[in-house]
Amino acid sequence: MQTHLRPMGIGEIFDRCFYILRTNFGTLVKLHGIAFLPVYILLALALVGAVIFQKANPFFFQKIANPESLSPGLALLVIGLFLLFIFFALLVMAVIYVNIYGIYRIFDAGVRGEKITWRQALKGWPLGALFLFIAGIILAIAGGTVGFAAGIPIMALKMVNNVLGELVQFAFNMIISVFTVLAMPIVVLERKDPVTPVWRSICLTVKNFWRALGVILLSTLLYMCLYVLITVLFLLPFFWIMGMSGVTFDNPEALLNMLLTPGMLAFGLGLFVTILLLSFILFHFNLGIQVIMLYDFKIRSEGYDLLPPEEVGITVAG
Amino acid sequence: MNAQLTIRTPENVHIRYDLAGPGSRFFALVIDNLIQGLLLTAFLWPLAKGKNLDLNTLPEKMGLWDGLFLAVLIFFIMLIALGYFIIFECLWDGQTPGKKLLGLKVRRLGGQPVDFLASLLRNLFRIVDILPVFYVAGFLTMFFNSMGRRIGDIVAGTMVIRERRSKAPLPVGLAPEEHEEEIKAWLGGSLPELTEGELGPIREYLRRCDAFAPATRKRLVEGILRRVLVCFRPAGPMPVVDAEQVLRVIYRWYQTANFAREEAEHGREEKPAVSYENP
């Protein structure tokens with residue numbers, strides 16, 4: 001019997017998630033830094049390059065706006081920049097999936113009462129991240145198809161009664177979210193192929209539907225209270241101060257002067273640090289909660305805690 | 001594993017507390033805030049409406065009774081906003097309705113029940129925890145504090161713990177099984193000492209077996225039985241088809257033996273006391 005595992009209440013699921021997040025905070029920061037390092041380097045290089053290029057060709061963007069005036073050399077450069085942008089976007093996406101892979105592994109170890117380093121968390125990342133990426137695409141296509149199929153009757157309902165239509169739309173989206181919530185961690189933690197986790201996620205959540213719905217709704221509430229509202233409530237005074245000082249976005253010099261006053265600098269710095277910290281915590285929290293839910297549902301439906309992992313018939317990561 | 005605190009009493013007894021984290025405390029707060037909102041709406045709104053109080057009236061132009069009424073109104077709002085927590089925590093052994101629902105309790109750092117002063121302090125500092133909005137300061141303090149304490153808790157020397165909900169010692173009716181003697185004989189006739197690692201899965205399985213699908217039940221029973229049979233000396237093949245029955249018999253057998261042992265120990269404790277009084 002795995003004594004550190006047992007069925008948990010919703011509050012306990014959240015508490016354990018925050019506990020693992022806090023005890024592995026340093027590892028998660030390192031993992032984020034390591035995974036995003038190439039992106040930050042490329043971003044810095046791109047910014048420096050853009051500034052140098054802009055100084056050398058001050059009218060470049062005006063020329064792009066008018067393609068007829070482009071010389072063949074400049075046209076090639078534009079195509080090159082576009083391809084570079086695509087490469088950069090793909091790199092960011094890959095980095096995000098590598099990061100998610102590592103986060104799942106860290107939380108997985110945390111649930112089992114272990115601690116791993118960022119190196120151990122990234123073990124086997126190329127295949128894992130690729131599977132995650134494919135699973136993400138499959139989820140998007142499946143969700144899109146189901147959404148499209150259901151969209152027509154919902155649209156018709158909205159024409160008859162808008163409020164009822166919106167409610168049905170919300171319920172439908174929630175059901176899809178609940179059923180697929182475990183698909184991504186299953187890809188990583190059970191080393192599944194990228195196709196079958198959706199079905200496994202449905203099998204696990206169907207028996208624990210209300211619990212999963214409760215966790216999703218409450219984590220959304222927590223996210224809204226801590227992040228969305230703080231962002232909105234911080235931005236409102238900013239625009240109020242802007243209005244009071246008569247500064248508009250049309251006058252960048254006045255805006256800069258306003259932003260460089262000590263009070264506004266302190267306000268901006270406080271806002272930036274708070275939002276950064278909350279974003280970091282809540283991003284990891286949302287992924288961590290999926291891992292803990294996966295374990296909880298396995299315990300409830302499959303008695304995962306009653307036998308050692310190698311006897312339960314499910315391969316665990318590591 | 002969640003955050004825990006172990007306190008050693010002067011009698012060298014170790015008491016372990018499961019500390020509540022930001023998640024369950026947030027939900028308890030949401031429930032309490034909903035109740036507070038309902039209380040405010042139910043009691044104060046009809047009063048304010050009945051009095052037809054215009055809050056835009058300047059204080060110097062307000063009549064004496066209007067001013068007095070406004071003062072009482074503000075007092076009640078404060079009573080519901082802060083007094084709600086203080087009153088419930090003092091009267092309900094450190095619990096508010098939200099905390100009771102989530103199984104949480106406020107305790108002093110030494111494990112003692114929360115008193116009025118500590119409750120007053122921790123709730124007055126809510127005003128700091130709320131800053132800048134929606135308990136962001138409190139949340140971040142709780143997140144980075146190893147005991148999950150918010151600013152109010154740190155100031156008042158309190159903590160929020162998770163109540164231990166006692167588990168029933170007898171998860172099943174444990175009525176005598178049909179082939180009980182036959183199974184016991186097959187198991188070797190005597191009950192070996194079973195550790196928590198061997199007995200725990202049987203108890204947990206019997207407690208939760210109704211939630212498992214038939215195929216899962218079969219797999220779990222076989223797995224648990226395989227591990228527990230190592231402690232016994234089964235003679236030949238199993239006499240009954242239902243392996244779950246064997247688990248029930250082992251658990252019942254263990255409980256009966258345990259009960260008999262406890263009875264015997266109690267008996268031994270009582271004898272000297274009697275003989276002391278009547279030498």
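Provide a single number: the residues in the stretch A:252-277 that are open to solvent by less than 70 Å² (accessible area, probe 1.4 Å) and either outside any helix (DSSP H, G or I) or touching a residue at least 40 places away in the same chain (Cβ under 8 Å) (or both). Break it down into steps so the answer makes sense when it comes.
Looking only at the stretch A:252-277, we keep the residues that are open to solvent by less than 70 Å² (accessible area, probe 1.4 Å), and these are A:254-255, A:258-259, A:261, A:263-264, A:266-268, A:270-271, A:274-275, A:277.
In the following step, the residues that additionally are either outside any helix (DSSP H, G or I) or touching a residue at least 40 places away in the same chain (Cβ under 8 Å) (or both) were identified as A:261, A:274-275.
Residues meeting the conditions: 3.
Quick check on my filter: what residues within the stretch B:5-41 are within 10 Å of another protein chain (Cβ to nearest Cβ) and part of a strand (DSSP E or B)?
Matches in the stretch B:5-41: B:18, B:19.
Restricting attention to the stretch B:192-210, which residues are crowded, with 16+ Cβ neighbours inside 10 Å and not basic (Lys, Arg)?
If the condition is that a residue be crowded, with 16+ Cβ neighbours inside 10 Å and not basic (Lys, Arg), then B:194, B:198, B:199, B:200, B:201, B:202, B:204, B:205, B:206, B:209 are the ones that fit.
How many residues, within the stretch A:12-42, are open to solvent by 10 Å² or more (accessible area, probe 1.4 Å), closer than 30 Å to residue A:210 by Cβ and either modelled with pLDDT under 85 or more than 8 Å from chain B (Cβ to nearest Cβ) (or both)?
Final tally of qualifying residues: 1.
Can you tell me which of A:142, A:121, A:89 is hydrophobic (A, V, I, L, M, F, W, C), more than 22 Å from residue A:198 (Cβ to Cβ) and open to solvent by 20 Å² or more (accessible area, probe 1.4 Å)? Break it down stepwise before answering.
Working: A:142 fails: more than 22 Å from residue A:198 (Cβ to Cβ); A:121 fails: open to solvent by 20 Å² or more (accessible area, probe 1.4 Å).
Step by step, each of A:142, A:121, A:89 is checked, and only A:89 is hydrophobic (A, V, I, L, M, F, W, C), more than 22 Å from residue A:198 (Cβ to Cβ) and open to solvent by 20 Å² or more (accessible area, probe 1.4 Å).
Given the criteria modelled with pLDDT under 85 and open to solvent by less than 10 Å² (accessible area, probe 1.4 Å), does residue A:229 qualify?
Numbers: modelled with pLDDT under 85: yes; open to solvent by less than 10 Å² (accessible area, probe 1.4 Å): no.
No: the conditions fail for residue A:229.
Could you tell me how many of the residues in the stretch B:219-234 are within 13 Å of chain A (Cβ to nearest Cβ), without any contact (Cβ under 8 Å) to a residue 24 or more places away in the chain and open to solvent by 20 Å² or more (accessible area, probe 1.4 Å)? Walk me through how you get there before you give the answer.
From the stretch B:219-234, those within 13 Å of chain A (Cβ to nearest Cβ) are B:219-228; that's our starting set.
Next, from what is left, pick out any that are without any contact (Cβ under 8 Å) to a residue 24 or more places away in the chain: B:219-220, B:222-226.
Next cut, open to solvent by 20 Å² or more (accessible area, probe 1.4 Å) only: B:219, B:222, B:226.
Number satisfying all stated conditions: 3.
Out of the stretch A:238-274, which residues are within 10 Å of chain B (Cβ to nearest Cβ) and touching a helix residue (DSSP H, G or I) at 6+ places or on another chain (Cβ under 8 Å)? Working first, answer last.
Of the residues in the stretch A:238-274, the ones within 10 Å of chain B (Cβ to nearest Cβ) are A:270-271, A:274.
Those that are within 10 Å of chain B (Cβ to nearest Cβ) and touching a helix residue (DSSP H, G or I) at 6+ places or on another chain (Cβ under 8 Å): A:271, A:274.
Given the structure, is residue A:234 in a helix (DSSP H, G or I), open to solvent by less than 50 Å² (accessible area, probe 1.4 Å) and farther than 30 Å from residue B:27 by Cα?
Values: in a helix (DSSP H, G or I): yes; open to solvent by less than 50 Å² (accessible area, probe 1.4 Å): yes; farther than 30 Å from residue B:27 by Cα: no.
Spelling it out, it is not the case that residue A:234 is in a helix (DSSP H, G or I), open to solvent by less than 50 Å² (accessible area, probe 1.4 Å) and farther than 30 Å from residue B:27 by Cα.
From the list A:154, A:134, A:175, which residue is β-branched (Val, Ile, Thr) and in contact with a helix residue (DSSP H, G or I) (Cβ under 6 Å, 6 or more places away or on another chain)?
Values: A:134 fails: in contact with a helix residue (DSSP H, G or I) (Cβ under 6 Å, 6 or more places away or on another chain); A:175 fails: in contact with a helix residue (DSSP H, G or I) (Cβ under 6 Å, 6 or more places away or on another chain).
Within the list A:154, A:134, A:175, the selection yields A:154.
Suppose we filter the stretch B:164-178 for residues that are open to solvent by 60 Å² or more (accessible area, probe 1.4 Å) and either more than 30 Å from residue B:116 (Cα to Cα) or at pLDDT 85 or above (or both); how many remain? Break it down into steps so the answer makes sense when it comes.
Restricting attention to the stretch B:164-178, the residues satisfying the condition of being open to solvent by 60 Å² or more (accessible area, probe 1.4 Å) are B:164-167, B:169-170, B:173, B:175-176, B:178.
Applying the additional criterion that residues be either more than 30 Å from residue B:116 (Cα to Cα) or at pLDDT 85 or above (or both) yields B:167, B:169-170, B:173, B:175-176, B:178.
Adding up the residues that qualify gives 7.
Name the pairs: first residue in the stretch B:84-103 and within 15 Å of residue B:123 (Cβ to Cβ), second residue open to solvent by 10 Å² or more (accessible area, probe 1.4 Å) and among the polar types (S, T, N, Q), Cβ to Cβ under 6 Å, at least 6 apart or on different chains?
Going by the 6 Å Cβ cut-off, the qualifying pairs are B:84/B:36.
Quick test of your reading of the structure: residue A:290 fulfils all but one of (1) under 28 Å from residue A:9 (Cα atoms); (2) within 14 Å of chain B (Cβ to nearest Cβ). Name the failing condition by number.
Failing condition for residue A:290: (2).
Output the residue which, of all residues in the stretch A:159-187 that are surrounded by 13 or more Cβ atoms within 10 Å (Cβ to Cβ) and of a type in the set (Gly, Ala, Ser), is farthest from residue A:198 (Cα to Cα).
A:165
Could you list, ordered by first residue, the pairs with Cβ atoms under 8 Å in which the first is in the stretch B:188-203 and in the same structural domain as residue B:220 (by TED's automatic domain parsing) and the second is aliphatic (A, V, I, L, M) and part of a loop (DSSP other than H, G, I, E, B), at least 6 apart or interchain?
Short answer, once both residue conditions are applied: B:188/B:235; B:197/A:1; B:200/A:1; B:201/A:1; B:201/A:306; B:201/A:307.
Which members of the stretch B:204-217 meet the condition of being more than 9 Å from every other protein chain (Cβ to nearest Cβ) and free of Cβ contacts under 8 Å to residues at least 24 places away in the same chain? So that I can check it myself, show each step before the final result.
Within the stretch B:204-217, the first condition is being more than 9 Å from every other protein chain (Cβ to nearest Cβ), and the residues that meet it are B:206-207, B:210, B:214-215.
Scanning the stretch B:204-217 gives B:210, B:214, B:215.
For the stretch A:107-145, which residues satisfy the criterion of being over 16 Å from the mean Cα position of the chain (by Cα), part of a helix (DSSP H, G or I) and closer than 20 Å to residue A:289 by Cα?
If the condition is that a residue be over 16 Å from the mean Cα position of the chain (by Cα), part of a helix (DSSP H, G or I) and closer than 20 Å to residue A:289 by Cα, then A:108, A:109, A:110, A:111, A:118, A:121, A:128 are the ones that fit.
The values are calculated or read from the model by the stated rules, or taken from the named source; none is laboratory data. These numbers come from a predicted model, not from an experiment. Neighbour counts are summed over all protein chains in view; Cβ atoms, including those assigned to glycine, are modelled from backbone coordinates with ideal geometry. Calculation scope for accessible area: heavy atoms of the full protein, side chains included, ligands and nucleic acids excluded. Shrake-Rupley method; radii C 1.70, N 1.55, O 1.52, S 1.80 Å.
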